[in-house]
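Down below is the structure, laid out as structure tokens.
The values are calculated or read from the model by the stated rules, or taken from the named source; none is laboratory data. Keep in mind the model is a prediction, meaning the values are calculated, not measured. Glycine also receives a Cβ, built like all others from the backbone with ideal geometry; neighbour counts cover every protein chain displayed.
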Amino acid sequence: MTSSAAHASARTASVPAPAMTDANRRALEGAFWPIVSLLAAMVVFGLFVALTGRDPLEMYALIYEGAFSDAFAWQNTLQRAAPLILCALAVALPAQAGLTIIGGEGALVLGGLAASVVPLAVAGPPLLVQALMAGCAMLAGGFWIGLSGWLRHYRGVNETIASLLLSYIAIALLNHLVEGALRDPASLNKPSTRPVGDANMLGNLPGIDVHPGLAFGIILCLVLHVVVRHTGLGFATRIAGGNVRAARLAGLPVGMLILWTCVAGGACAGLAGMVEVAAVLGSANATLAAGYGYAGILVSFIARHNPLAVIPVAILIGGIGAAGSLLQRRMELPDAAMLVLQGVAFMIILGMETMTGRLKFFQPRGA
């Protein structure tokens, strides 16, 4: 070995390999704070339970039993997770463009309402009718959330307030039509639209008692992750979300980038409404407004608006919701106890967001 080669080898050996890249640090921090937030929420909620004279440890055990202990619990959890995945995308996608949209509930109910009308107007093979139901639901949901994005970009209306108010309008519109022009005369105690028909109902996924909404949600999360992270469209959208002024100076069509995220996110929530009608309820009624759109906000924030992370977070939140009835029976907790837990988790998540980038361990080398 020559002397120059020996010196080069010695210099290479003297430079230590980096323990962790900056990208890995950011990924680790992205998982760290949501996990800490959820654990903190469980502890805080456990303290509330303890103040009522009940055992928090028993509550934790019952949540696990009701959500993940056996095949039946898992199926119930996955059934609840399916609409949460789709509604969370209605928040996560606009967030890529810098928008805070919380109107997934409105897109879901209008999607379900639009889907319920299709079998009344179209007669054909079940697969065709189901495809038209899904298409109409996605169009309705996409239009509703897209309206919030349009108001934000072209009229300067705050998208958070606009999307929330539009949700209330959508729910009122659902109730008005279900109790009026679209009401089935046979629905006496609970006004509903006419049934979509057994032939047009979605079956279950092979091998499990879970409807196809779960598969729809997982597939859309995978596709949208690729679009957001690995395409020019997604890169441009993230630039617009990070700095609108820089995006405009670069010549990017900011308005169109905002609209595509809102329309695509709303279409996902609208599809959730179609699945609820065609796989669970059989018709559109007030039960469509079950709070999945609002729970989807929590799922998206815990997942830090990452479409891939939405899947496990939705399963976790779905499991907590599935355990609610067990807690009510065994510990006599109120039915709204799980909503309180979700609210506590959301507040802690928002608080923990202020800690992002503050811990020295997660800061880039040399910062």
Task: G142 being of a type outside the set (D, E), over 19 Å from the mean Cα position of the chain (by Cα) and closer than 30 Å to L350 by Cα - done: no
- [ ] Hey, can you tell me all the residues within the stretch 345-358 that are at pLDDT below 80 and either assigned to a helix (DSSP H, G or I) or under 23 Å from L62 (Cα atoms) (or both)?
- [x] E353
Open item on the list: I need every pair where a residue in the stretch 152-165 that is in a helix (DSSP H, G or I) has its Cβ under 6 Å from the Cβ of a residue that is surrounded by fewer than 17 Cβ atoms within 10 Å (Cβ to Cβ) and not polar (S, T, N, Q), sequence separation at least 6 or different chains.
Closed with: H153/G255
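Do we find a residue being of a type in the set (D, E, K, R) and under 23 Å from the mean Cα position of the chain (by Cα) anywhere in the stretch 217-229?
yes
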Task: Residue list for the stretch 330-344, filter: farther than 14 Å from G66 by Cβ, assigned to a helix (DSSP H, G or I) and either in contact with a Leu (Cβ under 6 Å, 6 or more places away or on another chain) or among the charged types (D, E, K, R) (or both) - done: Q342
- [ ] Considering every residue within the stretch 182-194, establish whether at least one is part of a helix (DSSP H, G or I) and either of a type in the set (S, T, N, Q) or closer than 25 Å to G282 by Cβ (or both).
- [x] no
TODO: Can you tell me which residue among L78, L47, L39 is among the aliphatic types (A, V, I, L, M), within 19 Å of V299 (Cβ to Cβ) and either without any contact (Cβ under 8 Å) to a residue 60 or more places away in the chain or touching a strand residue (DSSP E or B) at 6+ places or on another chain (Cβ under 6 Å) (or both)?
DONE: L39
Task: Candidates E105, E65 - the one that is in contact (Cβ under 8 Å) with a residue 40 or more places away in the chain, more than 20 Å from T287 (Cβ to Cβ) and among the charged types (D, E, K, R) - done: E65
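Return yes when T261 is under 15 Å from the mean Cα position of the chain (by Cα), surrounded by 23 or more Cβ atoms within 10 Å (Cβ to Cβ) and part of a helix (DSSP H, G or I) and no when it is not.
Answer is yes for this residue.
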Open item on the list: Take the conditions in contact with a Lys or Arg (Cβ under 6 Å, 6 or more places away or on another chain), within 17 Å of G104 (Cβ to Cβ), surrounded by 15 or more Cβ atoms within 10 Å (Cβ to Cβ) and not polar (S, T, N, Q) and apply them to G266. Does it pass?
Closed with: no
Open item on the list: Among (1) of a type in the set (A, V, I, L, M, F, W, C); (2) in a helix (DSSP H, G or I); (3) over 12 Å from the mean Cα position of the chain (by Cα), there is one condition A82 misses while meeting the rest; what is its number?
Closed with: (3)
